[in-house]
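Notes follow once the structure below has been shown.
The values are calculated or read from the model by the stated rules, or taken from the named source; none is laboratory data. These figures come from a predicted structure and were not determined experimentally. With ideal geometry, Cβ positions are generated from the backbone for all residues, glycine too; neighbour counts draw on all protein chains shown. When the accessible area is computed, the model is the full protein with side chains, heavy atoms only, and any ligands, DNA or RNA have been set aside. Shrake-Rupley method; radii C 1.70, N 1.55, O 1.52, S 1.80 Å.
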Amino acid sequence: MIKLTNVSKTYGKSQVKAVDNLSLEIKDGEIFGFLGPNGAGKSTTIKMITGILSPNEGVIEVDGINLADNPTLAKSYIGFVPDNHETYETLKGMEYLNFIGVMYGVEANLLKQRITEYAEMFQLTDALPNMIASYSHGMKQKLMVIAALIHEPKVWILDEPLTGLDPQSAYQLKQLMRKHADNGNTVFFSSHVIDVVEKVCDRIGIINHGKLVAVDTLDNIRADESVSLESLFLTITADGTPVGE
Ligand code: ADP
Ligand code: MG
């Protein structure tokens, strides 16, 4: 569903590769957790998959479509929750969701129904008539989640989605991720928090200094009792220094 082949990215004149020769394949029906310390290259990878940044080298495919050849089609398969929500502050929540829904061509009745359903689920109904500027971090996060699901994308990509969510919303979001994957879709999300990844993922990739250093199923990691995910993560990222710091 998502395939990266030898993907690298260097920012501007930097000598350091933010993402270094990364190859990875994510299947249908899978929740993939992308784990790594701050500065490891998670957001850079995600921005390339979502077409916000272009790689310097390598190929990215979404459902068999090469992102470089057919960006509009490839992006139409994706729902994306970014790690910052500093956009569209002057729209009302409802306006924003309608705008996104119309942009993705969701039929009007269906759009209304989905907005109502998701807003109830995330207890955002009362806030939808208000300006986004008045929302808390958690409320903006929930709005972004709803917006990313409104066109029922085959691929759902979330950058540090649980950061700043209240426990109820975090629970709802994890349930939604599971449901989305169980319906045959793909969920790819990043985190620097081991516990979060351990609880919801089918497969995990660990990135450090731009390099993918481990990929395995959670079952395999669990099966080896001598290695917990935490110790694996700490060993792999042992120098402890975030890239660029
Ligand atoms: P993560 O999301 O894992 O914390 P990022 O992908 O944001 O990591 O960053 C990876 C590396 O790229 C870091 O060294 C970071 O400093 C650098 N970087 C990220 N964004 C930019 C940018 N816009 N310009 C220059 N360097 C950047
Ligand atoms: Mg990041």
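Numerical summary
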| read-out | value |
| --- | --- |
| Contacts under 8 angstrom Cβ, first residue in segment 37-54 being open to solvent by 30 Å² or more (accessible area, probe 1.4 Å) and of a type outside the set (S, T, Y), partner part of a loop (DSSP other than H, G, I, E, B) and near ligand 1 (Cβ under 6 Å from one of its atoms), 6 or more apart | G39/V243; G39/G244 |
| Unmet requirement for T72, which otherwise passes all of (1) in contact (Cβ under 8 Å) with a residue 24 or more places away in the chain; (2) open to solvent by 80 Å² or more (accessible area, probe 1.4 Å); (3) assigned to a helix (DSSP H, G or I) | (1) |
| Qualifying residue in segment 184-198 (condition: over 14 Å from the mean Cα position of the chain (by Cα) and part of a strand (DSSP E or B)) | no |
| Single residue of segment 85-103 satisfying the filter (touching a strand residue (DSSP E or B) at 6+ places or on another chain (Cβ under 9 Å) and part of a loop (DSSP other than H, G, I, E, B)) that is surrounded by the fewest Cβ atoms within 10 Å (Cβ to Cβ) | T90 |
| Selected residue (only one of D224, D216 is of a type outside the set (G, A, S) and surrounded by fewer than 14 Cβ atoms within 10 Å (Cβ to Cβ)) | D224 |
| Candidates G58, G29, G36 - the one that is more than 11 Å from ligand 1 (Cβ to nearest atom), modelled with pLDDT under 95 and either within 14 Å of the chain's Cα centre (by Cα) or within 27 Å of G184 (Cβ to Cβ) (or both) | G29 |
| Residue within segment 43-59 that is in contact with an Asp or Glu (Cβ under 7 Å, 6 or more places away or on another chain), within 28 Å of Y11 (Cα to Cα) and either part of a strand (DSSP E or B) or not aliphatic (A, V, I, L, M) (or both) present | yes |
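Residues are listed down the side, and each one gets a yes or a no for (1) farther than 27 Å from G41 by Cβ; (2) away from ligand 2 (no atom under 16 Å from the Cβ); (3) polar (S, T, N, Q):
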{"residue": "A108", "(1), (2), (3)": "yes, yes, no"}
{"residue": "F122", "(1), (2), (3)": "yes, yes, no"}
{"residue": "P129", "(1), (2), (3)": "yes, yes, no"}
{"residue": "S136", "(1), (2), (3)": "yes, yes, yes"}
{"residue": "E160", "(1), (2), (3)": "no, no, no"}
{"residue": "P167", "(1), (2), (3)": "yes, yes, no"}
{"residue": "L173", "(1), (2), (3)": "no, yes, no"}
{"residue": "S191", "(1), (2), (3)": "no, no, yes"}
